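**Q** My questions will all concern the structure given below.
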Amino acid sequence: MSIFSRDKKSSPQSTPQPAVSASRPASGGGSSAIETVIGPNTYVKGEVQGDGGMRIDGVVEGVIETTGNLMITESAKVLSDVKANNVSISGAVRGNISANRVEILDTGRVWGDLTTKSCLINEGAYLRGQIFMPQDLQPPQLEGPKASQEPASPPQVGTVVDIEPDED
């Protein structure tokens with residue numbers, strides 16, 4: 001049977017299978033459906049920009065910017081600064097990462113700073129860098145002990161103690 005035949009019979013070998021399946025959004029905005037795949041035998045040098053989800057299996061050197069989610073698989077090597085909605089790392093990244101959420105899985109390795117609102121680092125993961133969480137959260141204020149209104153020593157027997165509040 002040829003590729004161009006009109007025969008309706010299809011064998012498992014002749015039926016094309018999708019290379020990537022779309023996934024549901026993890027959280028937040030941006031498109032999470034994987035629209036761009038950089039394969040395991042691919043080397044990209046330069047600037048990679050996109051609006052949809054992206055999966056990297058190969059090597060990328062340069063800058064990566066996407067409004068969607070970025071998945072860096074175990075076979076990937078990324079030598080780039082990264083900006084994305086959510087980033088999941090199973091491979092190696094050397095560069096700074098800026099995202100709403102960063103997850104470094106147990107096989108993930110990162111050499112660079114993270115700027116994120118939410119960070120998850122699994123046991124076994126490696127991170128050499130700093131984590132910046134630029135939110136307007138204030139640390140709890142620790143107050144010293146309140147000044148006591150009571151006299152330093154208990155009143156002696158026969159001492160008059162004023163129990164009416166002072167009116168100023």
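**Q** What number of residues in the stretch 95-131 are surrounded by 14 or more Cβ atoms within 10 Å (Cβ to Cβ) and within 25 Å of ALA33 (Cα to Cα)?
**A** 21
**Q** While we're here: Would you be able to say whether some residue in the stretch 5-21 is at pLDDT 90 or above and outside any strand (DSSP E or B)?
**A** no
**Q** Considering the stretch 96-137 alone, what residues qualify as being aliphatic (A, V, I, L, M) and in contact with an Asp or Glu (Cβ under 6 Å, 6 or more places away or on another chain)?
**A** Scanning the stretch 96-137 gives LEU120, ALA125.
**Q** On to the next question. Spot the failing condition for GLY50; the list is (1) within 17 Å of LYS117 (Cα to Cα); (2) modelled with pLDDT under 95, and only one is missed.
**A** (1)
**Q** I've got another one for you. Does GLU123 qualify as being at pLDDT 95 or above and either within 26 Å of GLY46 (Cα to Cα) or under 11 Å from the mean Cα position of the chain (by Cα) (or both)?
**A** no
**Q** Please go through the stretch 95-107 and pick out each residue that is among the small types (Gly, Ala, Ser) and outside any loop (DSSP other than H, G, I, E, B).
**A** SER98, ALA99
**Q** Search the stretch 58-79 for residues being within 16 Å of the chain's Cα centre (by Cα) and of a type in the set (S, T, N, Q), and hand back the single one that is farthest from ARG109 (Cα to Cα).
**A** Within the stretch 58-79, the match that is farthest from ARG109 (Cα to Cα) is THR67.
**Q** Please report, ordered by residue number, the strands (runs of 3 or more DSSP E) entirely within the stretch 32-94 with at least 2 residues that are touching a helix residue (DSSP H, G or I) at 6+ places or on another chain (Cβ under 8 Å).
**A** Values: elements: 34-38, 43-50, 53-56, 59-66, 70-72, 77-89, 92-94.
In the stretch 32-94, no matching strands (runs of 3 or more DSSP E) lie anywhere.
The values are calculated or read from the model by the stated rules, or taken from the named source; none is laboratory data. The structure presented is a predicted model; accordingly, all values stated were derived computationally and were not measured. Positions of Cβ are backbone-derived with ideal geometry, glycine not excepted, and every protein chain shown enters the neighbour counts.
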